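Structure first, then comments.
The values are calculated or read from the model by the stated rules, or taken from the named source; none is laboratory data. A quick note: this is a predicted structure, and the numbers were derived from the prediction, not measured. Note that each Cβ is placed from the backbone with ideal geometry, even for glycine, and that neighbours are counted across all protein chains shown.
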C-alpha cells in the first residue's frame with residue numbers, strides 16, 4: 001500500500017525566509033511526484049511535477065527535488081512571501097496517474 | 001485548472017437524501033478522477049473513469065456511492081442515502097502527467 005507522509009504538519013515563518021517542506025513515500029516504483037498548493041476553501045493548483053527519471057524541477061522561487069532511493073522529495077521555497085501562505089501537498093503518481101496524497105504542510109508566512 | 005468545472009460548489013443535504021456532484025473535464029479530455037477530502041485529512045482517490053467506462057474504482061466505498069461518465073455530459077458522482085460522515089470536499093481532476101483539479105464541491109450533511 002502506498003503511503004505519503006509530509007512533515008512538518010504546520011510551519012510559520014517570517015517573510016523573507018527560505019524554507020523546506022518534506023515529503024516521503026513508501027513506493028519506490030514511483031511514476032512521478034507532484035507538488036500542489038491548496039488555499040482555504042479552494043481547489044488544488046499544480047506547482048511542480050518531477051518525473052521518476054528526474055532529480056529536480058524549478059519554477060521561479062520554487063525548487064522540488066526527488067530522491068527515489070530514499071523515498072523523499074523536498075519543496076524549497078526561496079524568499080517566502082505572505083502570499084505563499086497555503087497548504088502544500090505532495091502526491092505520488094502510480095499506475096494510470098492515480099495520485100496518492102500526503103496530508104499536507106500548512107504554511108503561514110508572517111509580515 | 002480553470003478548465004475543470006464542478007457544480008454545485010456547495011451542497012447541503014439531510015441524512016438519507018441523495019447527493020449528485022458533477023464534473024466537466026477540460027476540453028479535449030475524456031477522463032476524470034474523483035478524490036475526496038475529509039475534514040483535516042488528505043485527499044483520497046475514489047474512482048477513475050473514461051467516457052462510458054470505469055477504469056479503477058478501488059477507492060470507492062462499497063455501498064451508496066456510484067460514478068459515471070456518459071458519452072455526453074458531465075461525470076456524475078452519486079451518493080445515495082447520505083450520512084454525516086459523507087460531509088467532505090469532493091474534487092475531480094483531469095489531465096495527463098500533470099493533473100488539473102476543479103474547485104471542488106463541498107458537501108455538508110445535516
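Okay, here's what the table says:
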read-out	value
Residues of segment A:91-110 that turn out to be out of contact with any helix residue (DSSP H, G or I) (no Cβ under 6 Å at 6 or more places or on another chain) and in a strand (DSSP E or B), as a count	11
Residue among B:47, B:82 that alone is part of a loop (DSSP other than H, G, I, E, B) and touching a strand residue (DSSP E or B) at 6+ places or on another chain (Cβ under 6 Å)	B:82
Test: residue in segment A:64-81 that is closer than 28 Å to residue B:90 by Cβ, assigned to a strand (DSSP E or B) and within 12 Å of another protein chain (Cβ to nearest Cβ)	no
Residue ID - farthest from the chain's Cα centre (by Cα), chosen from residues in segment B:67-88 that are buried (at least 20 other Cβ atoms within 10 Å of the Cβ) and within 11 Å of residue B:107 (Cα to Cα)	B:82
Tally, over segment B:10-30, of residues that are within 13 Å of chain A (Cβ to nearest Cβ) and either in a strand (DSSP E or B) or modelled with pLDDT of 95 or more (or both)	2
Some residue of segment A:20-31 being within 14 Å of another protein chain (Cβ to nearest Cβ), closer than 24 Å to residue B:103 by Cβ and surrounded by fewer than 18 Cβ atoms within 10 Å (Cβ to Cβ)	no
Candidates A:107, A:49, filtered to the one that is under 29 Å from residue B:58 (Cβ atoms) and in contact (Cβ under 8 Å) with a residue 12 or more places away in the chain	A:49
Residues of segment A:47-63 that turn out to be over 10 Å from the mean Cα position of the chain (by Cα), more than 18 Å from residue A:81 (Cβ to Cβ) and part of a strand (DSSP E or B), as a count	4
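Residues checked against (1) more than 11 Å from chain A (Cβ to nearest Cβ); (2) farther than 19 Å from residue A:90 by Cα; (3) part of a strand (DSSP E or B):
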site: B:41; (1), (2), (3): no, no, no
site: B:63; (1), (2), (3): yes, yes, no
site: B:72; (1), (2), (3): yes, yes, no
site: B:89; (1), (2), (3): no, no, yes
